[in-house]
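Written out below as structure tokens is the structure these notes cover.
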Amino acid sequence: MDDYMFGKNPKWKDKCKEKKAHAGFAGVSYEDVWSLHTRLARIISEHLRAFLNAQKGPNGGCPSRLAEGCDVADGYRKWLAIIRKMLYAFEEYQWFTSGSDFDNLPVEKQEKIKEGMQLFIDYYRDLWI
């Protein structure tokens, strides 16, 4: 009782809090969110790799805004280059273990990763077949 009066929780409350804090949510475990930025980078890179392979198949194409004013084949080549830049950014980023890993990269590599991530944002709605 004394522990409770001095701001400490009874042991059963501590166990309950610990279990709840590690339970996760909607099928996502607690451990899956420890380094969410790198986990998402890995997921995105895997899916972009599959998307790139699908784009090279018979159902591939390119966003119409890339083909405007040029040959469709040129638009398609631009689209593949954009996907590769996105893929590079997320493939590289997935290996970082802390925020300082990115900050310690050469500026050129940081810019290349930022460019690919920005392209992901810019073309997010075009990531479909």
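The values are calculated or read from the model by the stated rules, or taken from the named source; none is laboratory data. Owing to the predicted nature of the structure, the values given are computational and were not obtained by experimental measurement. Note: ideal-geometry Cβ built from the backbone for every residue, glycine included; neighbour counts use all protein chains shown. With ligands, DNA and RNA removed, areas are computed over all heavy atoms of the protein, side chains included. Shrake-Rupley method; radii C 1.70, N 1.55, O 1.52, S 1.80 Å.
How do V72, V28 stack up against each other in accessible area, from largest to smallest, with a 1.4 angstrom probe? If you can, show how the numbers build up before the last one.
Working: V72 100, V28 65 Å².
Sorted descending by solvent-accessible area, the residues read V72, V28.
Solvent exposure of the chain, expressed per residue, is 73 Å² of accessible area, with all protein chains present and a 1.4 angstrom probe.
For the range 24-99, with only Lys/Arg (+1) and Asp/Glu (-1) charged at the beta-carbon, what is the dipole magnitude about the Cα centre, in debye rounded to 20? Spell out each step's value before the answer.
Working: 9 positive and 8 negative charges, 35 e Å.
The calculation lands at about 160 debye.
Calculate what fraction, in whole %, of the accessible area of the range 68-128 sits on carbon and sulfur atoms when a 1.4 Å probe is rolled over the protein chains.
Of the solvent-accessible surface of the range 68-128, carbon and sulfur hold 54 percent.
A value for Rg/Rh (Cα atoms, Kirkwood Rh) was derived from the coordinates, and within the list (i) 1.30; (ii) 1.18; (iii) 1.24 it appears as (iii).
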